[in-house]
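The values are calculated or read from the model by the stated rules, or taken from the named source; none is laboratory data. All figures in this text were calculated on a predicted structure; none of them were measured in a lab. With ligands, DNA and RNA removed, areas are computed over all heavy atoms of the protein, side chains included. Shrake-Rupley method; radii C 1.70, N 1.55, O 1.52, S 1.80 Å.
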Amino acid sequence: KPALDGAARRCLDEHGGDVDLAQAARFQARLDALREDDPALFADVVRTRRGDATARGRDALLALTWDTVADYLPTAGVDPEAERRLAEIASHARGSCLDVGGRPRGVRVLRD
């Protein structure tokens, strides 16, 4: 089982151990916090999700998504589905993306 922080563990427990539901709830909680903390950035993220991407919104959405996925990554390896999801996320990064996952291959820098 993954080593989860308290908030991630509580959310997972609240959703009956369903990681997809827990991730969706954590992502929504992060969006709600962003709406309170930075309404302009929240608006950029909403526009990006609707297909009218801004660089700022795309970068913030990528960060929110990665933070949510990372909450539930196992500490001892990544399964093929998680690897696929991470590759999909990385494919939307602009510029360079530093991959510091716990894989035996070590650190990778992915570039455009």
**Q.** Surface share of carbon and sulfur [accessible, 1.4 angstrom probe, percent] for region 1-75
**A.** 52
**Q.** Potential extension, ALA55-GLN28 segment - 0.36 nm per residue separation minus Cα distance
**A.** 7.6 nm
